Amino acid sequence: MSPRKKKALTSKTKAAPAKSTEVDSSKLPKTTTKKTTKTTKATATKGKKTATKITTKAKTKKAVKTTPAKEKKAAAKKTTKTATKKKTSTRPKKTDEIPNQAEISLGMIGHVDHGKSTLTQALTGKFPDTHSEEIRRGISIRLGYAETEFRECVKCEAPTKYTTKKVCANCGKETVLLRRVAFVDAPGHEVLMATMLSGASIMDGAILVVAANERVPMPQTREHLAAMDIIGMEKVIVCQNKIELVTEKEAVTNFKDLKKFISTTSAKKSPVIPISAVHHSNIDLLIQNIEENLPTPPRDADIPPQMLIARSFDVNKPGQSPGKLQGGVVGGSIIQGKFSVGDDIQIRPGVRRGNKYKFLNTKIVSLRSGFGELDTAHPGGLIGIGTNLDPALTKSDMLVGNVVGYSDSLPPSWDTLEFESHLMERVVGSESQSTVQNIEMHENLMLSVGTAKTVGKVVMAAKGNVAVSLRLPVCAETGIRIAISRQIDRRWRLIGWGTVTSGKEQRAG
Ligand SMILES: Nc1nc2c(ncn2[C@@H]2O[C@H](COP(=O)(O)OP(=O)(O)OP(=O)(O)O)[C@@H](O)[C@H]2O)c(=O)[nH]1
Ligand SMILES: [Mg+2]
Ligand SMILES: [Zn+2]
């Protein structure tokens, strides 16, 4: 599958074009907050037993002690592999060869409360839940985002040599930059599946975080991994987290259960790394595994560029004088090609005018990544594009789900989308795992297409060929994969995927 096809999927909760399906965070069951407290308590009590074991630098070694024997062997094997690999490797790269942006975006996926945001923080130094509602509830609601540098100490051995720090904690030597990496932290709560799917469309690989102190698999462990299956993403590393909360025997049992579970999924070849995100244990081993198993995908800079919008803003302060007003900013992931300052761009499906949508035409005024300003931006991480659009059009994520490109090479925007449907056997995201029923005429489905999500009514359902009349148009190439969700017990559940075949194009606005 082409990278474009592989990545094409999905939607975003905050997407203005999908108000009807938006999750009202105030309706999230409060039990989660309780659960979080419980986990934290467990950390404080059970964790105490091992707290003496896992402190300071001895942490890593001690934590490795709790590592199931099998994995230890695997880790040892990996270490030797790196050592031999190094002879032929061109690394370490020189810092000045590395562009001023992340070169790969990795997703944090998995069941609620299993430690995705904590691991994002351990890897990047930034806790991704920054919104007051997220802090109050102790869960992620939006897609989180953070960037880091993977570095290595040329003096130390693997895995200790892998770090995100500029100075080696082991020997004090300055470390060398390997890669700039971005993390897209998905929320794990079951009602936020659409947001996870939106994030999945901009991931080049993923880390599945699974708590060692819960049974395997929990529903969203299954559902998030199913989403990876759907987009054909095999680049997954599994982290067995909260390892310090369980005994060695429990860790081994949980590890075996985890291996058994992933053996039935596309992550069957994925390494499983025992870690403790709160104690930063085995983070070096995880970085080593990411470096070895999740390489930067090959990119073709010469094909027409496309960016999936994941955020959009008005960066002006209230009361800004009109002369100083800055144009609207859109943030997203470039999935192919490259954009440069000065490019004329189009945004599809654009904005609503009466009962139609109108494409937006504008110019790239500036390009920015978390690492600084750019003249040209390539795939990898989130890129902010400054435009000369009226900022009222971009404020509050209004353009999330849109696609940016050149007017003569953007895919069509569809009012009705036709696709070949492939349904899963079971609704993996629910406890009951009920059987997935066939798609029926007139039923409502939610389609995740790139970062867009759109609800629509089925207007054709024959032998796996389905057409959905969309409430909000979506821009999509034929041949790409989309995720199909159905409302079951008032929750949108992933039921399968579709390959876009054709449709009815958006009426020109
Ligand atoms: N003991 C222990 N607790 C952890 C570990 N990692 C995370 N936690 C705790 O688990 C709880 C949930 O962690 P988060 O990182 O918010 O989990 P999450 O997967 O991002 O949750 P959602 O985004 O809401 O799905 C918090 O109380 C963390 O402190 C760990 O390695 N050990
Ligand atoms: Mg989180
Ligand atoms: Zn060192």
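Quick note: the coordinates plus some simple rules give every number you see, no bench work behind them. These figures come from a predicted structure and were not determined experimentally. Counting neighbours? That spans all protein chains shown, and the Cβs are built from the backbone with ideal geometry, glycine included.
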* Of the listed peptides 319-326, 374-381, 131-138, what is their order by residue-averaged count of other C-beta atoms within 10 Å, with the highest listed first? -> 374-381, 131-138, 319-326
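Let me make sure I get this right: for region 413-505, a, b and c are the square roots of the gyration tensor eigenvalues over alpha carbons, sorted descending. Under 1.5 in a/c it's rounded, otherwise prolate if a/b > b/c, else oblate. Which is it?
Prolate shape, in that a/c is at least 1.5 and a/b is the bigger ratio.
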* Asked: From the square roots a ≥ b ≥ c of the eigenvalues of the alpha-carbon gyration tensor of region 170-271, which class results: rounded (a/c under 1.5), prolate (a/b over b/c), or oblate?
  -> oblate
* Asked: If you take the beta carbon distance between residue 463 and residue 507 as r and set R0 to 30 Å, what does 1/(1 + (r/R0)^6) give as a FRET efficiency, to the nearest 0.05?
  -> 0.55
* Please work out the Cα center distance from region 290-332 to region 401-466, rounded to the nearest Å. => 26
* Just list whichever of 116/235; 161/269; 173/242; 242/269; 235/269; 155/235 have alpha carbons separated by over 20 Å in the model shown. => 161/269; 173/242; 242/269; 155/235
* Can you tell me which of 293-302, 454-463 comes out highest on packing, and rank the rest after it, using the mean Cβ neighbours within 10 Å? => 454-463, 293-302
* Asked: Placing +1 at every Lys and Arg Cβ and -1 at every Asp and Glu Cβ, with all other atoms neutral, what dipole size does region 413-505 have around its Cα centre, in debye to the nearest 20?
  -> 220
* **Sequence ranges 348-360, 208-220, ranked by mean other-Cβ count within 10 angstrom, highest first** => 208-220, 348-360
* Can you check what the net charge comes to around residue 121, using other residues whose Cβ is under 12 Å from the Cβ of residue 121 (Lys, Arg +1; Asp, Glu -1)? => 0
